[in-house]
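Trainee: Below are the structure tokens for one structure; questions will follow.
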Amino acid sequence: MQAVVYSFTRRGAKLSVHICEALQRLNFAVRCLTMAKFADEADALEAMTDHNKACAEAFKECQLIVFVGAVGIAVRTIAPYIKNKTVDPAVLSVDEGGGFVVPLLAGHIGGANGFARALAAAIKAVPIVTTATDVNSLFAVDEWAARNKMVIADMQAAKTFAAALVDGQQVGLIADYPIISALPKNIALKDDGDVGMAVTKDRRKQPFAVTVQLWPQNLYLGIGCRRGTELKAIEALVLPQLDALGLDLRTVAGIASVDLKKDEAGLLAFAAKYGWQVKFYTADQLLETPGEFSSSEFVRSVVGVSNVCERSAVLAASGGRLVLPKCSLNGVTLAVAEADIVLDFDNLT
């Protein structure tokens, strides 16, 4: 993860160095930018000429932006670059005395509330978290979804869900996955009512008058292809198959194949286009994958294992179940596996 820390005074620059060290312990790669006249205060400091331009770049590249100084400076600086809560980075404001850490943007999905608490603990400051669900110690559906790698199908439904909780209403929950913890306050297992949440990949499951669907991002695509297969040929098989299953592209966690395909340009281009990581396995690793799979002697003669797509999908999904067995089109094979998950509502903060 990448972060940037801005400061505008000598005292703020010195504090930003301590903030940088704290964020590095949280596994951030951090840049500390300050006014040119304060850059010689510490080796970690870099001079900046235009913090507005620097902020524009940070919004594209960073997961966390920290301003050391007045909240007003932060607000005016980030205002032109704010898009929406699903894509904005987390933004924090820290006073130059180091007394308070205030999440300004992306408190839940971007993780700003959690970052604020962690940073405040590190520099012995007070986190000032103002989101309604946090103030009332209620379940935050958007934060929980982000933490558990789930896609919120409808952000407006998520807002209605949160508003109902804040209003003291009981909301419902249905889930296609095992629940291993107690349910949060004012949430009950039921399949009807005014407002509720469905943790599912089945878009038809909308039992509540307002249903916020959470789609787990736990699908893995196993793909095999002939040498020289183009991106369009892979899309021609994969996209219609996922659509037929009613599966959103955002629920795909990654792609897998045999290591003989690790330099296959079309496959790599396909992964890059949709932002999916690719895992490549050796023939021996695929052979060791437990399960019942289709078999092709031709494939065995070429790659050393009789099935690539099903075995690689299941292996990438850590032994999960096939939701789509092998299918093929124009020299491309596809299988889809779903990794097993459980739902845990403990440790929400």
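The values are calculated or read from the model by the stated rules, or taken from the named source; none is laboratory data. Quick caveat: nothing in here was measured; it's all calculated off a predicted structure. Counting neighbours? That spans all protein chains shown, and the Cβs are built from the backbone with ideal geometry, glycine included. Quick note on the areas: whole protein, heavy atoms, side chains included, nothing else; ligands and nucleic acids left out. Shrake-Rupley method; radii C 1.70, N 1.55, O 1.52, S 1.80 Å.
Trainee: Would it be correct to say that Gly228 is touching a helix residue (DSSP H, G or I) at 6+ places or on another chain (Cβ under 8 Å) and part of a loop (DSSP other than H, G, I, E, B)?
Mentor: Details: touching a helix residue (DSSP H, G or I) at 6+ places or on another chain (Cβ under 8 Å): yes; part of a loop (DSSP other than H, G, I, E, B): yes.
So Gly228 fits the description; yes.
Rundown of residues vs (1) small (Gly, Ala, Ser); (2) touching a residue at least 40 places away in the same chain (Cβ under 8 Å), yes/no style:
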site: Gln156; (1), (2): no, no
site: Lys159; (1), (2): no, no
site: Asp167; (1), (2): no, no
site: Ala175; (1), (2): yes, yes
site: Ser181; (1), (2): yes, yes
site: Asn186; (1), (2): no, yes
site: Lys205; (1), (2): no, no
site: Ala209; (1), (2): yes, no
site: Cys225; (1), (2): no, yes
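Trainee: If Ala335 satisfies every condition in (1) surrounded by 17 or more Cβ atoms within 10 Å (Cβ to Cβ); (2) more than 22 Å from the chain's Cα centre (by Cα); (3) not hydroxyl-bearing (Ser, Thr, Tyr); (4) not in a strand (DSSP E or B) but one, which is the exception?
Mentor: (4)
Trainee: Among (1) part of a strand (DSSP E or B); (2) at positive phi, which single condition is Gly319 missing?
Mentor: Here Gly319 clears every test but (1).
Trainee: Limited to segment 192-213, what total is found for residues that are open to solvent by less than 20 Å² (accessible area, probe 1.4 Å) and farther than 17 Å from Gln156 by Cα?
Mentor: Within segment 192-213, the subset open to solvent by less than 20 Å² (accessible area, probe 1.4 Å) is 195-200, 208, 211-213.
If we keep only those that are farther than 17 Å from Gln156 by Cα as well, we get 200.
Final tally of qualifying residues: 1.
Trainee: Also: Take the residues of segment 109-139 that are under 20 Å from Ala13 (Cβ atoms) and touching a residue at least 40 places away in the same chain (Cβ under 8 Å): which is least open to solvent (accessible area, probe 1.4 Å)? Let's see the steps before the verdict.
Mentor: As a first pass, look at segment 109-139 and keep what is under 20 Å from Ala13 (Cβ atoms): 119-120, 122-125.
Subset that is touching a residue at least 40 places away in the same chain (Cβ under 8 Å): 119, 122-123.
Working: Leu119: 0, Ala122: 47, Ile123: 34 Å².
Among those residues, the one meeting the criterion is Leu119.
Trainee: Looking only at segment 254-273, which residues are open to solvent by less than 60 Å² (accessible area, probe 1.4 Å) and not in a strand (DSSP E or B)? Full working, then the answer.
Mentor: Keep residues of segment 254-273 that are open to solvent by less than 60 Å² (accessible area, probe 1.4 Å), which gives 254-259, 261, 264, 266-267, 269-271.
Answer for segment 254-273, where residues must be open to solvent by less than 60 Å² (accessible area, probe 1.4 Å) and not in a strand (DSSP E or B): Asp259, Lys261, Glu264, Gly266, Leu267, Ala269, Phe270, Ala271.
Trainee: Continuing with the same structure: What are the residues in segment 313-332 that are open to solvent by 30 Å² or more (accessible area, probe 1.4 Å) and either free of Cβ contacts under 8 Å to residues at least 40 places away in the same chain or closer than 18 Å to Gln241 by Cα (or both), if any?
Mentor: Residues of segment 313-332 that are open to solvent by 30 Å² or more (accessible area, probe 1.4 Å), as a first pass: 315, 318-319, 321-323, 325-326, 328-330.
If the condition is that a residue be open to solvent by 30 Å² or more (accessible area, probe 1.4 Å) and either free of Cβ contacts under 8 Å to residues at least 40 places away in the same chain or closer than 18 Å to Gln241 by Cα (or both), then Ser318, Gly319, Arg321, Leu322, Val323, Pro325, Lys326, Ser328, Leu329, Asn330 are the ones that fit.
Trainee: Also: Being of a type in the set (A, V, I, L, M) and closer than 30 Å to Ala283 by Cα is true for just one of Val199, Val252, Val195, Val210. Which residue is that?
Mentor: Values: Val199 fails: closer than 30 Å to Ala283 by Cα; Val195 fails: closer than 30 Å to Ala283 by Cα; Val210 fails: closer than 30 Å to Ala283 by Cα.
Result: Val252 is the single residue among Val199, Val252, Val195, Val210 that is of a type in the set (A, V, I, L, M) and closer than 30 Å to Ala283 by Cα.
Trainee: Moving to a separate point now. Restricting attention to segment 214-253, which residues are open to solvent by 30 Å² or more (accessible area, probe 1.4 Å) and either on the phi > 0 side of the Ramachandran plot or of a type in the set (Phe, Trp, Tyr) (or both)?
Mentor: Tyr220, Gly228
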